[in-house]
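The structure appears right after this line, and notes come after that.
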Amino acid sequence: MKFIETKLKGCYVMEPNVFEDSRGYFFESFHQQQFEDGIGKAVHFVQDNQSFSQYGVIRGLHFQKGEYAQAKLVRVLQGTVLDVAVDLRKDSATYGQHVAVELSAENKKQMFIPRGFAHGFSVLSEAGAVFYYKCDNFYHKAAEDGIVYNDEQLGIDWQIPQEEMKISEKDYLLKILK
């Protein structure tokens, strides 16, 4: 597995070693020791989540506050998404900046998003996408928060035409980054 740190310290894109032949392919999607060596710290995942979303759906930007903050390891099992992480660490030199990475079933890339980041994605594939992620802390409803997808300060290009965006009412009502 190849680990590539993004411009946001602690946020990594991971590219697996894929072995293909006439029968199909094989790759390790997760190996605890390699993962910890690759990002330089121990992370203990406690919850796995999976969702399906149609083309044009934007989910996010979400995060958990305080003691319920979550690190995530995300990947796509079917389709293609634009995955976005926003640095919310006030003491960070990249506070308020984001990275956007295309994750797909085809490229098999993953992204590690540490605690202290907001996270979201848009679905780029016409047939929708199956999104899968690991969390290092359990979900706690009272700690959930977010930033509105179209915050002008962030300037995220979700790669979806405005008229084709599908956003939940909950996500549409999120606040801007302060």
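In the stretch 97-134, whose amide N lies under 16 Å from the spot 7 Å out along Cα-to-Cβ of residue 178? List them in ranges.
none
Of 41/170; 9/65; 65/109, which pairs sit farther than 31 Å apart, going by alpha carbon to alpha carbon? The partial results should precede the final answer.
On the way: 41/170 34 Å; 9/65 19 Å; 65/109 27 Å.
Flagged as over cut-off: 41/170.
Name the aspartates and glutamates eligible as straight-distance cross-link partners of residue 2: C-alpha to C-alpha under 14 Å, and not fewer than 8 places from it in the same chain.
15, 28, 36, 37
Relative contact order of the stretch 46-172, please, whole-number percent, based on alpha carbon pairs below 8 angstrom and at least 6 residues apart. Intermediate results must be reported in sequence, preceding the final value.
Working: 302 pairs, mean separation 53.2, N = 127.
Relative contact order for the stretch 46-172 comes out at 42 percent.
Bear in mind that the values in this text are calculations on the coordinates, not laboratory data. Given the structure is predicted, the values throughout are model-derived calculations rather than measurements. A quick note on method: Cβ atoms are made from the backbone with ideal geometry, for glycine too, and the neighbour counts reach across all protein chains shown.
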